[in-house]
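Data first, discussion second: the structure below is written as structure tokens.
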Amino acid sequence: MLTEQEKLALVVLGRRYLLHEPRPQPLTWKQTAAQLDELQPGAGWTDKRVAHLVDAVRARLSRDGVPYLTREEIGEPVGNALNDHLLRALLASTTLVPMDLALVEAP
């Protein structure tokens, strides 16, 4: 279960996955925060806020048994692997679906 803010941030972070791009990669924290700030001006989106929000989702899912969402499970170097595994897990569980792109696209 995701909050509205978590879902919005994850849709922006994982837009390329939802568009079924070949070999998608998550956006950076800075890119995600910038796009969220465009969608919700004045809402206080920063790269650190996005990172903390996504980290909290990843920790919650890891506690619930979703694998490969922690540094310990991945090993170094981590790179984008944690967010990649998170986004793939959310798509596999249909927590995020392509229709969620409507949250971030102009009407």
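Summing +1 for each Lys or Arg and -1 for each Asp or Glu among the other residues whose beta-carbon sits under 13 angstrom from that of Ala59 gives -1.
Highest mean first, how do 88-96, 28-36 rank when packing is the count of other Cβ atoms within 10 Å averaged over residues?
Working: 88-96: 15.7, 28-36: 19.0.
The peptides rank, most packed first, as 28-36, 88-96.
What a 1.4 Å probe finds exposed on the range 1-87 is 52% carbon and sulfur by accessible area, rounded to a whole percent. Note that the range 49-54 has calculated 3J(HN,Hα) couplings of 5, 4, 4, 5, 5, 5 Hz, one per residue in order, obtained from phi through the Karplus relation 6.51 cos²θ - 1.76 cosθ + 1.60 (θ = phi - 60°); glycine and proline are x. The length gained on full extension between Leu19 and Gln31, counted as 0.36 nm times the residue separation minus their Cα-Cα distance, comes to 2.6 nm.
Kirkwood Rh and Cα-based Rg: tell me the resulting Rg over Rh for the chain, rounded to two decimals. Intermediate results must be reported in sequence, preceding the final value.
Numbers: Rg = 13.2 Å, Rh = 14.0 Å.
With Rg and the Kirkwood Rh in hand, the quotient comes to 0.94.
Residues considered: Val50, Val12, Val66. Largest GNM mean-square fluctuation over the chain, using C-alpha springs under 10 Å, is found at Val66. Length gained on full extension, Thr70 to Asp47, computed as 0.36 nm times the residue gap minus the Cα-Cα distance: 6.3 nm.
For the chain, a simple Cβ point-charge model (Lys and Arg +1, Asp and Glu -1, everything else neutral) yields a dipole of about 80 debye relative to the Cα centre.
May I ask for the angle, rounded to the nearest 10°, between helix 81-92 and the longest principal axis of the chain, with both axes built from Cα atoms and the value confined to 0 to 90°? Rounded to the nearest ten degrees, it is 70.
The values are calculated or read from the model by the stated rules, or taken from the named source; none is laboratory data. This is a predicted model, so every value here is computed, not measured. Glycine also receives a Cβ, built like all others from the backbone with ideal geometry; neighbour counts cover every protein chain displayed. Keep in mind that these areas ignore ligands, DNA and RNA; they rest on the heavy atoms of the full protein, side chains included. Shrake-Rupley method; radii C 1.70, N 1.55, O 1.52, S 1.80 Å.
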